[in-house]
Amino acid sequence: MSSTSPKAITRSDPTRIEIEWADGTRTKYSAAQLRRLCPCARCVNELTGERMLDPVTVPDELTQSDLVLVGHYAVSLRFSDGHHTGIYSFPFLRANDPSPAGRAASGS
């Protein structure tokens, strides 16, 4: 298993998700962090790669629900602001680990 393969994904409450990776590293994301990272075409320009979502417009108290697996490579979530089109691949999530230790483990 690669370091971008999740061993477990836990939704501890509506504001947090934790991923335990195959190498034992754990990554914790708040719903707001995930929403600000959203890679969908509405949030990131498909042609230029420019981020269209202004991160300051995402409230820190945002919640998420409906965490679902997308194939064997990603997850999708529904956020309390109504957004639900982002598909978060496991390599993308690992590369965007909010902790310095997690970024070091991912090689980013």
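The values are calculated or read from the model by the stated rules, or taken from the named source; none is laboratory data. Bear in mind the structure is a predicted one, so any value in this text is a computation, not a measurement. Positions of Cβ are backbone-derived with ideal geometry, glycine not excepted, and every protein chain shown enters the neighbour counts.
Limited to segment 91-108, what total is found for residues that are farther than 15 Å from Gln33 by Cα and modelled with pLDDT of 95 or more?
Result for segment 91-108: 1.
Going by what's in this entry, would Arg11 be described as at pLDDT 95 or above and basic (Lys, Arg)?
no
Name the strands (runs of 3 or more DSSP E) wholly inside segment 1-90 in which the number of residues that are in contact with a helix residue (DSSP H, G or I) (Cβ under 8 Å, 6 or more places away or on another chain) and small (Gly, Ala, Ser) is 1 or more. Break it down into steps so the answer makes sense when it comes.
Details: elements: 6-13, 16-21, 26-30, 64-70, 74-79, 87-89.
Where strands (runs of 3 or more DSSP E) fall fully within segment 1-90 and carry at least 1 residues being in contact with a helix residue (DSSP H, G or I) (Cβ under 8 Å, 6 or more places away or on another chain) and small (Gly, Ala, Ser), they are 74-79.
Kindly evaluate Leu62 against the criterion of being at pLDDT 95 or above and closer than 23 Å to Ser3 by Cα. Spell out how you get there, then give the answer.
Numbers: at pLDDT 95 or above: yes; closer than 23 Å to Ser3 by Cα: no.
Considered against the rule, which asks whether it is at pLDDT 95 or above and closer than 23 Å to Ser3 by Cα, Leu62 comes out as no.
Looking at this structure, is Arg26 under 25 Å from Ser3 (Cβ atoms), under 10 Å from the mean Cα position of the chain (by Cα) and charged (D, E, K, R)?
No: the conditions fail for Arg26.
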